[in-house]
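The values are calculated or read from the model by the stated rules, or taken from the named source; none is laboratory data. Everything quoted here is computed from the prediction, not taken from an experiment. No Cβ is skipped: glycine too gets one built from the backbone with ideal geometry, and neighbour counts run over all protein chains shown.
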C-alpha cells in the first residue's frame, strides 16, 4: 500500500499554507497543476499575465487564487517569496475546513499524481 502523495498545502496556525510556483508574464492566467518543488515537496504551479514588477504578479496571483479557491481575497497573504518564483501563501480560516475546500477545488490536479 503506497502513501498518499504530498499535497501542496498544509495546516498552519490560523489557516493553511499553500506552496506555489509562479510564472509571471504568461499568455493566460490559470492554475497549471501540481509539481515537485525540488525539495521533496509539492507546489501548485500557477501562471499570471502580470509582469514581476512592483508586486503586480503577486497581486494577480492572490486574486487568481482567491477566485479559484472560493475564498475572500483578504484571507490570502504572501508569507514568503515576494521576489521569487517560489512562494508560500497563507489562507486564513479554519485549517480543517480550508483543507477540505482545497481538496475539492484542486481535486483534478491532485488526482493526477
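Tabulated results
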| quantity | calculated |
| --- | --- |
| Residue check for residue 57: crowded, with 19+ Cβ neighbours inside 10 Å and at pLDDT 95 or above | yes |
| Every residue from the range 34-54 that is at pLDDT 95 or above and more than 16 Å from residue 21 (Cβ to Cβ) | 49, 51 |
| Candidate set from the range 29-55 (those that are assigned to a loop (DSSP other than H, G, I, E, B) and in contact with a helix residue (DSSP H, G or I) (Cβ under 6 Å, 6 or more places away or on another chain)); member that is farthest from residue 106 (Cα to Cα) | 50 |
| Residue 22 vs. criteria more than 19 Å from residue 103 (Cβ to Cβ), under 10 Å from the mean Cα position of the chain (by Cα), buried (at least 16 other Cβ atoms within 10 Å of the Cβ) and touching a residue at least 60 places away in the same chain (Cβ under 8 Å) | yes |
| Test: residue 97 is in contact (Cβ under 8 Å) with a residue 40 or more places away in the chain and either on the phi < 0 side of the Ramachandran plot or touching a strand residue (DSSP E or B) at 6+ places or on another chain (Cβ under 9 Å) (or both) | no |
| Subset of the range 73-87 that is in contact with a strand residue (DSSP E or B) (Cβ under 9 Å, 6 or more places away or on another chain) and surrounded by fewer than 16 Cβ atoms within 10 Å (Cβ to Cβ) - its residue that is farthest from residue 6 (Cα to Cα) | 74 |
